[in-house]
1. Could you give each residue of region 95-104 its phi-based ³J(HN,Hα) in whole Hz, using Karplus coefficients 6.51, -1.76, 1.60 with θ = phi - 60°, and x for Gly or Pro?
2. Mind jotting down the distance between the C-alpha centroids of region 268-334 and region 133-184, whole Å?
3. Suppose each label sits 7 Å from its Cα in the direction of the beta carbon; what would the residue 8-residue 152 distance come out to in nanometres?
4. With θ set to phi - 60° and the Karplus curve 6.51 cos²θ - 1.76 cosθ + 1.60, what are the ³J(HN,Hα) couplings of region 76-93 in order, to the nearest whole Hz, using x for Gly and Pro?
5. Calculate for the chain the 222 nm mean residue ellipticity that helices alone would give, adding -39,500 (n - 2.57) per DSSP H run of length 4 or more and normalising by residue count, nearest 500 deg cm²/dmol.
6. Please list, ordered by chain and number, the residues whose modelled amide H lies under 5 Å from the amide H of residue 46; skip anything fewer than 5 residues away on the same chain.
7. Work out Dmax and Rg for region 238-330 from the C-alpha atoms and quote the Rg first, both in angstrom.
8. Taking the mean number of other Cβ atoms within 10 Å as a proxy for protection, how do you rank 313-319, 265-271 from highest to lowest?
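Only the coordinates and a few stated rules stand behind these numbers; no lab work does. Just so it is clear, the model here is predicted, and its values are computed rather than measured. Cβ placement follows ideal geometry from the backbone for every residue including glycine, while neighbour counts extend to all protein chains displayed.
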Amino acid sequence: MNVTDLASYTHILVYSRSLVGQQNTPAALSFSEAALSYQASGLTFVDQDLDVGQIGGSLTWEDPQVPSQVLRYNLYLAQDQQGSGRSLMGTSQSSSAHTLSIAAETELAAYSHLVLYSESEVGEQSTSVALAVPDTSASVSSLQFLDQDADASELGGQVTWSPPGSVDQVTEYHLYVKEPSGGNVSTYVSVPVGTNFAAIPAGTSVLYSSALLYTQSSLAEQSTPVFLMLVDSDISPVNVALADKDLDAGEVGGSVTWDAPSDEAQVVQYAVYLARDSAGAGRSLVGYAANGNSSVNLAADTEASSVTFSHVLAYTITAVEEQTAPSAVAISDVFASVSGIAFLDNDL
C-alpha cells in the first residue's frame, strides 16, 4: 500500500452499501485514534545523573496495542511534547525492546521532553508519545572542615556535610583533596550514602588545600562537585619556659609553663618532654597536662647537660595526633653555690 499525503485529511470513514444505496452515516476512525494503536505506552524515566541541567538513565515503555507493525522505536530529546527541535538519543534494535539508555552528562539545554516514535516499514510515525524530563539534582550542602592536625602547614581531620534533599539516586559520596590548581590528588575517600563525613589523614600537606565532594549514583559520578578551601589551624603552644629552681649545677627542676594556642578548642592535652635538641632527639617524658592547664612540674635533681638533656619540648595532642614539630626552649641551668668559705678558729 502506498503512503498517501494526508495533510488535509483527519479521518477514515467506512460506509455500508446495499442494493438500494450507500449508508448515510459511516463508521469513523480518526487518524489520531489510529496512531494511538501503534504508540508505546507507560513511559518511565529515572534521571540518574545527579547534576542540574544534565540527565542520564534508561527510558522504559510498554508495547503498543498493535505491536506487529512496529519495526523499531526512536527516542529523541525535544523542546516540547510535540517533538519540536528534536535530537536523536537512540534507536532500538527491534520492536521487542522496551528500554533505551541515555548517557550520563547529556545536556538538557532547551530540551524539556523525551519523545518516543514508533517506526514501521513505511517510515517513522508522525505522532509521538512524550514524557516531561525529570532532572535530578543531588549535591551536598554545608561542607565544613575543622583542622585537627597540630602542626603548622599540615592538615588533618574530618570533612562533614549535609546530604542532598533527596538521596534516592545517591549511592556514595566521593571526597578528593587536591592542589588548588586542580593537579595532584593527595586523598580520595569513598563513603556510602548515610555517612556524612570523611577523614583527611593527619600530616596532609597544606599544599593540598582544595576539598571536592561529589555524589555518585549507580550510573555515574557527579560532574560538578561542591568545593571547600581547607584552612590550616595553628595549634602550637607558645612561650614555653622553665623556671629552674634546682640550684645545683647540671641539674634542673621546677615548673615548665607555656601559653595556649589561639585555637585551644582542638587541644585534648599537652605533652612535655626533655630532649637532647629542639627536634626531640632522645626525648624523655616529663608529663601531661589537660586542655585548660598550662604547666607541668619537673622534679628536682633532673640531670641536664649537652650529654643528657638540653631542651624542654611542649607538644599539643588533638583527637587525631600528637604534634610532630614541638615548641622548644633551651634549658638554662641555674646554680647558686657559695664560694670563698673561711673559718677562723678563735678558741685557743
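1. Values per residue, Gly and Pro as x: 6, 7, 5, 10, 7, 9, 9, 10, 5, 4 Hz.
2. Cα centroid to Cα centroid, the span is 37 Å.
3. A separation of 9.1 nm, rounded to one decimal place.
4. After applying 6.51 cos²θ - 1.76 cosθ + 1.60, I find 10, 8, 9, 7, 7, 6, 7, x, 5, x, 6, 10, 5, 9, x, 10, 6, 7 Hz.
5. -500 deg cm²/dmol
6. 58
7. So, for region 238-330, Rg and Dmax equal 12.8, 40 Å respectively.
8. Most protected by this proxy first, the peptides run 313-319, 265-271.
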